[in-house]
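Structure first, then comments.
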Amino acid sequence: MLPEMPAPAIRTSGLSKDYGARRGVFDLELQVQGPEIFGFLGPNGSGKTTTIRLLMGMIRPTSGQAFVFGLDCVRDSVAVKRKVGYLPGDVPQFGSLTGEEVVAYLGGMRGGVDRRRVQSLCERFELDLSRRSREYSNGNKQKLAIVLAFMHSPELLILDEPTSGLDPLNRQDFYKLLREANDAGATVFLSSHVLSEIEQICDRVGIIREGRLVRVAELDELRKSGNKSLEEVFLGYFIEEPPKLLGS
């Protein structure tokens with residue numbers, strides 16, 4: 001008898017969230033195997049955040065299903081959240097709570113975290129947890145969100161525009177942290193609208209446009225396809241950094 005194959009880290013089947021006026025996500029068929037770093041690339045408003053909220057069970061699909069390690073993202077949303085390190089595109093406001101209190105509160109919900117791991121992450125990003133969240137700059141709020149996503153060494157990281165607000169040096173530190181987590185066995189699902197960022201860190205990429213997945217490819221395949229194919233995919237859309245030829 002053949003051994004049972006492990007469930008994909010992420011699988012969607014006909015996943016749709018229709019907000020009307022052609023906004024949302026439509027008939028998404030996607031599979032992410034672990035461990036890999038999968039880039040989810042598309043312009044602002046293309047459906048990246050909606051897809052991530054569906055995976056996290058934060059919104060219900062209009063139709064179709066999403067699974068994380070075989071767990072239904074709606075029915076088993078609590079169990080899914082235990083397995084995932086989530087970094088939202090809009091970092092929550094924690095008001096008068098200190099960074100330390102935020103870590104303790106969310107760590108307690110996960111059954112506790114390794115304090116040495118938290119300290120190491122904070123030292124890496126020079127984050128002072130004794131300060132109140134409302135006193136943090138945008139960059140420090142993003143650093144706190146990174147600490148919260150990585151502190152429990154999750155099996156799957158779902159990251160929505162994770163480098164937003166980080167300076168270039170902190171971005172490089174983040175990329176190193178991402179590779180270390182992946183080397184340790186974590187699967188990464190990372191959304192971005194910056195082509196060069198996806199090229200730097202991802203193994204495969206899915207390209208979404210107007211709520212529909214238009215292509216999934218290995219990075220090497222995209223490099224071989226050259227500028228023409230990429231220009232066709234992104235024709236008429238704005239990307240934060242000028243598109244460049246992959247591999248140039």
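Test Val118 against the criterion of being without any contact (Cβ under 8 Å) to a residue 40 or more places away in the chain, part of a loop (DSSP other than H, G, I, E, B) and hydrophobic (A, V, I, L, M, F, W, C), and give yes or no.
When the stated conditions are applied, Val118 does not pass them.
Can you spot a residue in the stretch 87-105 that is in a helix (DSSP H, G or I) and over 20 Å from Glu135 (Cβ atoms)?
no
Being within 20 Å of Lys83 (Cα to Cα) and in a loop (DSSP other than H, G, I, E, B) is the filter here; which residues of the stretch 42-70 pass it?
Result: Met56, Gly57, Met58, Ile59, Arg60, Phe69, Gly70.
Are any residues in the stretch 2-45 over 29 Å from Asp183 (Cβ atoms) and surrounded by 23 or more Cβ atoms within 10 Å (Cβ to Cβ), and if so, which ones?
Across the stretch 2-45, the qualifying residues are Leu15, Val25.
Which condition number in (1) farther than 16 Å from Tyr105 by Cβ; (2) in contact with a Lys or Arg (Cβ under 6 Å, 6 or more places away or on another chain); (3) not hydrophobic (A, V, I, L, M, F, W, C) is the one that Gly165 fails?
Failing condition for Gly165: (2).
Which condition number in (1) under 28 Å from Thr50 (Cβ atoms); (2) touching a residue at least 24 places away in the same chain (Cβ under 8 Å); (3) assigned to a helix (DSSP H, G or I) is the one that Val78 fails?
Evaluating Val78 over (1) under 28 Å from Thr50 (Cβ atoms); (2) touching a residue at least 24 places away in the same chain (Cβ under 8 Å); (3) assigned to a helix (DSSP H, G or I) leaves (2) as the failure.
Quick one: how many residues across the stretch 180-205 are charged (D, E, K, R) and over 14 Å from Phe38 (Cβ atoms)?
The number of residues fulfilling the criteria is 2.
Looking only at residues that are closer than 20 Å to Ile52 by Cβ and buried (at least 17 other Cβ atoms within 10 Å of the Cβ) in the stretch 84-105, which one is modelled with the lowest pLDDT?
It comes out as Val91.
Those residues that are of a type in the set (A, V, I, L, M) and more than 16 Å from Pro8 (Cα to Cα), I need them from the stretch 53-77; list them, please.
Matches in the stretch 53-77: Leu54, Met58, Ile59, Val74.
The values are calculated or read from the model by the stated rules, or taken from the named source; none is laboratory data. As the structure is a computational prediction, the values presented were derived from the model and not from experiment. Every residue, glycine among them, receives a Cβ derived from its backbone with ideal geometry; neighbour counts consider all protein chains shown.
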